[in-house]
Amino acid sequence: MPGEEIADHKSVLLLYSSRFGHSRKIADAVAVELMRAGLTVEVAGLTQTTRIDPGRHIGLGLVISVRYGHFARAAYKLVKAHKAWIESVPTLLMTISLTARKPEKRDPTNHVYTRKFLKKTAWCPSQTEVVAGSLQYPLYNVFDRACIRLIMLMMGGEADGRSEIDYTDWDRVRAAAREYGERCLRNKRAKKTIEAAAYQRQPR
Ligand SMILES: Cc1cc2nc3c(=O)[nH]c(=O)nc-3n(C[C@H](O)[C@H](O)[C@H](O)COP(=O)(O)O)c2cc1C
């Protein structure tokens, strides 16, 4: 497999925050591409108690969905708790929402939820991707279904209260994952070169 020669025990940590499973599916698709590139990957759900062991990971990907204009609190908490480490490794932020159905919203600077999240956390990920999620009316409770119908009506989307539509551009997700994988591999190689140079400089 390409990149296998530099694989080691440290992994890329991929955390997802998902209510109806769509962000989890996206995180899994990202993981497949990273593994294809020869990286070791750990995928896990993000919760309020998630803590990162920096010694075990060479990068962090966050795949988080929007719910009523906000991301899970756990995402803010995680970035705050691990800011110094997060800024020292290649990071990927993938936000999932229905507003990203519109191509112009997929530019992070045009996507208000992503912009707000980055501003609030003062985080500057190595790579930011805004991805369209899915509509799954049959899974929603009465309240959520009514709200989503209203939102979709206002946004000019499918408001029938029955449809299941996957708006995700999976090719784009996979391409973004490959780009992120390259970043992680480049970073890993650079670190190994620095370590080797430091070792050679040691007095014998
Ligand atoms: C209750 C609920 C609220 C949502 N609120 C928003 C929203 O405010 N803005 C938006 O763009 N999408 C919103 N969405 C769309 C979700 O982000 C989208 O369906 C996503 O695919 C959900 O991913 P998940 O299953 O991983 O949570 C909402 C979806 C639900 C079910």
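The values are calculated or read from the model by the stated rules, or taken from the named source; none is laboratory data. Everything quoted here is computed from the prediction, not taken from an experiment. Cβ atoms come from the backbone with ideal geometry, glycine included; neighbour counts cover every protein chain shown.
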- prompt: Which members of the stretch 92-101 meet the condition of being assigned to a strand (DSSP E or B) and among the small types (Gly, Ala, Ser)?
  reply: Ser97
- prompt: Among the residues of the stretch 113-125, is there at least one that is more than 14 Å from the ligand (Cβ to nearest atom) and among the basic types (Lys, Arg)?
  reply: yes
message: I'd like to check something: does the stretch 42-50 contain any residue that is touching a Cys at 6+ places or on another chain (Cβ under 7 Å), of a type outside the set (Val, Ile, Thr) and closer than 17 Å to Ala177 by Cα?
response: no
- prompt: Does Arg145 fit the bill of being near the ligand (Cβ under 9 Å from one of its atoms) and either over 18 Å from Ser65 (Cβ atoms) or in contact (Cβ under 8 Å) with a residue 12 or more places away in the chain (or both)?
  reply: yes
message: With the requirement that a residue be closer than 30 Å to Glu33 by Cα and buried (at least 18 other Cβ atoms within 10 Å of the Cβ), what does the stretch 137-151 give you?
response: Tyr137
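Could you pull out the residue among Val30, Val41, Val63 that is touching a helix residue (DSSP H, G or I) at 6+ places or on another chain (Cβ under 7 Å), modelled with pLDDT of 95 or more, closer than 15 Å to Val89 by Cβ and crowded, with 19+ Cβ neighbours inside 10 Å?
Criteria check complete, one pass: Val41.
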- request: Please name all residue pairs, on different chains or six or more residues apart, with Cβ atoms under 7 Å, provided the first residue is in the stretch 152-172 and is outside the structural domain of Gly69 (by TED's automatic domain parsing) and exposed (fewer than 13 other Cβ atoms within 10 Å of the Cβ) and the second residue is of a type outside the set (Val, Ile, Thr) and in a loop (DSSP other than H, G, I, E, B).
  value: Leu153/Ala159
query: Pick from the stretch 69-97 the residues that are within 14 Å of Ser17 (Cβ to Cβ) and of a type in the set (Ser, Thr, Tyr): which of them is nearest to the chain's Cα centre (by Cα)?
result: Thr95
query: How about the stretch 95-150: which of its residues are of a type in the set (S, T, N, Q) and in contact with a Pro (Cβ under 7 Å, 6 or more places away or on another chain)?
result: Thr114, Ser126, Thr128
